[in-house]
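Each remark here refers to the structure printed beneath this line.
The values are calculated or read from the model by the stated rules, or taken from the named source; none is laboratory data. This is a predicted model, so every value here is computed, not measured. All Cβ positions, glycine included, derive from the backbone under ideal geometry; neighbour counts span all protein chains shown.
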Amino acid sequence: MAAKIIDGVRVSAGIREECKKRVTKLATHGVTPGLAVILVGTNPASLVYVRNKIRACADIGIRSFQYEFPVDAAPAAVIRLIAELNRRPDIHGILVQLPLPPHFSIASVLSTISPDKDVDGFHLYNVGGLVIGDTVFPPCTPYGVVKLLEYENIPIEGKNVVVVGASNIVGKPMALMLMQREATVCICHAKTRDLAQFTILADILVVAAGKPNLILPQMVRTGAVVIDVGINRLPNGLLVGDVDFEGVREKASHITPVPGGVGPMTVTMLLVNTIACAERRLAVPVAGSAEIAVT
Ligand code: GUN
């Protein structure tokens, strides 16, 4: 059995069409959603991600504002900018691209962002909301994974889910969101002994470890749904995920490719969260705004 390939580009395109309608509706209230993107340094992956985010905003009518700091910038300068952006009415969402240079405390930068403008869902207030199942802004990558599962009509309730990777950006919020949907969730990480004894139990396997070929066919249950969040650049320039795609697709029922699976969804859910910020500020019900109720 060859797995169905989950097409993140197609699902993204559908959601972005909905986004355009919501932006048009906001315009009738005189509001254009605005997103501030802050980049510190010149991490090559971050440069690509930020460029993609800015481009996606332009495509659907979100106004974006890009702020760049040198790698040796003073943390206080970035925090001052965030404080100013918090006050600006034309900015609805604020995003600080991670990672930050080592002399930054990520926690103190993220805690400066107003929770109302925290489109990444990384502020402790929004993280706490996720823990108690009362999320306002779900972090974009796990939000995108949940949307992919929904679009493919893959049930979550009661399923065994194994999340490989325990980062604050993907693994932990992913586990919380799936637990909220009544899955039985197991989180594995770099110190997990005998990873395969856990992954083999998964009805849904989400992998976000940043290691090419970490997941081999013998580690996957026949018929499992495999979601590959990894993005790794091989020495030959090829972009691959964490899953041996060709091998695992012969065993799985569904699988996401890299590129073209989860990646486009992350950017799309950022657009959704930014629009939701603007709608919440306006405090009028806008068709489709129930989208943000995903927890
Ligand atoms: N770095 C890697 N993923 C992300 C993300 O989703 N948001 C931000 N701000 N930085 C990232």
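With respect to the numbered conditions (1) in a loop (DSSP other than H, G, I, E, B); (2) surrounded by 23 or more Cβ atoms within 10 Å (Cβ to Cβ), which one is the sole condition not fulfilled by His103?
For His103, the exception is condition (2).
Identify, please: which residue in region 134-180 is surrounded by fewer than 20 Cβ atoms within 10 Å (Cβ to Cβ) and under 22 Å from Ser114 (Cβ atoms) and is, among those, farthest from the ligand (Cβ to nearest atom)?
Asp134
Being small (Gly, Ala, Ser) and surrounded by fewer than 22 Cβ atoms within 10 Å (Cβ to Cβ), is that true of even one residue in region 120-132?
Scanning region 120-132, I find at least one residue that is small (Gly, Ala, Ser) and surrounded by fewer than 22 Cβ atoms within 10 Å (Cβ to Cβ), so the answer is yes.
Do we have Arg233 as of a type in the set (Lys, Arg) and in contact with a Lys or Arg (Cβ under 9 Å, 6 or more places away or on another chain) here? Even if it seems obvious, please write down each step before you answer.
Working: of a type in the set (Lys, Arg): yes; in contact with a Lys or Arg (Cβ under 9 Å, 6 or more places away or on another chain): no.
So Arg233 does not fit the description; no.
Quickly run through region 85-94 and pick out the residues that are surrounded by 12 or more Cβ atoms within 10 Å (Cβ to Cβ) and without any contact (Cβ under 8 Å) to a residue 60 or more places away in the chain.
Leu85, Asn86, Arg88, Asp90, Ile91, Ile94
Which ones in region 111-147 are assigned to a helix (DSSP H, G or I) and in contact with a strand residue (DSSP E or B) (Cβ under 7 Å, 6 or more places away or on another chain)?
Lys117, Asn126, Val145
Find all pairs meeting these conditions: Cβ atoms under 9 angstrom apart; at least six residues apart or on different chains; first residue within region 252-266 and closer than 23 Å to Gly237 by Cα and of a type in the set (Gly, Ala, Ser); second residue within 16 Å of the ligand (Cβ to nearest atom) and in a loop (DSSP other than H, G, I, E, B).
Qualifying pairs under 9 Å: Gly261/Val229; Gly261/Gly241; Gly263/Val229; Gly263/Ile231.
Go over the candidates Asp116, Asp120 one by one and state the one that is of a type in the set (D, E, K, R) and out of contact with any Pro (no Cβ under 9 Å at 6 or more places or on another chain).
Testing whether each residue is of a type in the set (D, E, K, R) and out of contact with any Pro (no Cβ under 9 Å at 6 or more places or on another chain) leaves just Asp116.
Would you please list the contacts, defined by Cβ atoms under 6 Å and residues six or more apart or on different chains, that run from a residue in region 47-63 that is under 14 Å from His92 (Cβ atoms) and assigned to a helix (DSSP H, G or I) to a residue that is hydroxyl-bearing (Ser, Thr, Tyr) and at pLDDT 95 or above?
Cys57/Ser64
Quick one: what pairs do we get from region 95-122, first residue within 23 Å of Gly144 (Cα to Cα), second among the polar types (S, T, N, Q) and within 14 Å of the ligand (Cβ to nearest atom), C-beta under 7 Å, 6+ apart or different chains?
Going by the 7 Å Cβ cut-off, the qualifying pairs are Gln97/Ser46; Pro99/Asn43; Pro115/Asn126; Asp118/Asn126; Val119/Asn273; Val119/Thr274.
Does Phe122 meet the test of being hydrophobic (A, V, I, L, M, F, W, C), modelled with pLDDT of 95 or more and within 13 Å of the ligand (Cβ to nearest atom)?
So Phe122 passes the test.
Got a sec? Which of Gly93, Gly41 is in contact with a Lys or Arg (Cβ under 6 Å, 6 or more places away or on another chain), within 13 Å of the ligand (Cβ to nearest atom) and not aromatic (Phe, Trp, Tyr)?
Going through Gly93, Gly41 in turn, the sole match is Gly93.
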